[in-house]
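K.L.:
Below are the structure tokens for one structure; questions will follow.
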Amino acid sequence: MSFHCDCSKYRDHALLLLRLVIAAIFINHGLMKVGSLSAPVDGVMNVIMKVLAIVEPLAGIALIIGMWTEIAATVLAVIMIGALYVKLSGGSGLGKVEFEALLLMASLLLSTTGPGKFAVKK
């Protein structure tokens, strides 16, 4: 008995679901940082938090509608490279960065494949 499925016909559906899930995660994480917008600028990490509070939700919205997907996903991949660096240089082992690594890989996938056919493309 063998099982065969031509799953490639669901590629665009899978890309849509991936975009929506990754967008929801980054919008949520960006909105959690919105409180940093009212804090005074007193260091590099504070500036980075302010930038992320704006960039993460905007990139998430771009992923949802499928506009500038490759650019938004590349920006999110760079953010996740930074997050991995911060966590790993702070002493976190590889077992503590699975979520960040998964978000990085999903962002890289979207940056190389594009949004699929269910998108407003630019």
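Just so you know, all these numbers are worked out from the coordinates, no wet-lab data involved. Everything numeric in this text was worked out from a predicted model, so none of it was measured. Quick reminder, even Gly has a Cβ in these numbers, built from the backbone with ideal geometry, and neighbours come from all protein chains shown.
K.L.:
Tell me, what is the FRET efficiency for V44 and F99 to the nearest 0.05, using R0 = 22 angstrom and their Cβ-Cβ distance as r?
P.N.:
FRET efficiency, V44 to F99: 0.40.
K.L.:
Which angle from 0 to 90°, rounded to the nearest 10, does the C-alpha axis of helix 69-89 make with the longest principal axis of the chain?
P.N.:
50 degrees
K.L.:
Would you please classify the overall shape of the stretch 12-113 from the alpha carbon gyration tensor, given that a ≥ b ≥ c denote the square roots of the eigenvalues, rounded means a/c under 1.5, and beyond that prolate means a/b larger than b/c while oblate covers the rest?
P.N.:
Verdict is oblate for the stretch 12-113.
K.L.:
Relative to the longest principal axis of the chain, what angle (0 to 90°, nearest 10) does the C-alpha long axis of helix 98-113 take?
P.N.:
Result, in degrees: 60.
K.L.:
Taking 0.36 nm per residue of sequence separation and subtracting the Cα-Cα distance, how much length would be gained by fully extending the chain between I54 and C5, in nm to one decimal?
P.N.:
Value of the extension gain: 13.5 nm.
K.L.:
Given K87/K117; K9/K121; K33/K87; K33/K96, which pairs have Cα atoms separated by over 24 Å?
P.N.:
Table pairs above 24 Å Cα-Cα are K87/K117.
K.L.:
Sorting check: for 104-115, 2-13, which peptide has the highest mean count of neighbouring beta carbons within 10 Å, and how do the rest follow? Show your work: numbers first, answer last.
P.N.:
Values: 104-115: 17.8, 2-13: 8.2.
Going by the mean number of other Cβ atoms within 10 Å, highest first, we get 104-115, 2-13.
K.L.:
Answer with one residue from V51, S2, V34: the one whose Cα lies farthest towards the positive end of the charge dipole of the chain, charges on Cβ with Lys, Arg +1 and Asp, Glu -1.
P.N.:
S2
K.L.:
Something else now. Under 1.5 on a/c is rounded, so check that first for the stretch 1-67, then, if it is not, pick prolate when a/b is larger than b/c and oblate when it is not; a ≥ b ≥ c are the square roots of the alpha carbon gyration tensor eigenvalues.
P.N.:
Prolate shape, in that a/c is at least 1.5 and a/b is the bigger ratio.
K.L.:
Also, quick follow-up: Take the alpha-carbon centre of the stretch 7-47, take the same for the stretch 64-85, and report the distance between them in whole Å.
P.N.:
8 Å
K.L.:
To the nearest 10 degrees, how steep is helix 11-32 against the longest Cα principal axis of the chain, on a 0 to 90 scale?
P.N.:
Helix 11-32 and the main axis of the chain meet at about 10 degrees.
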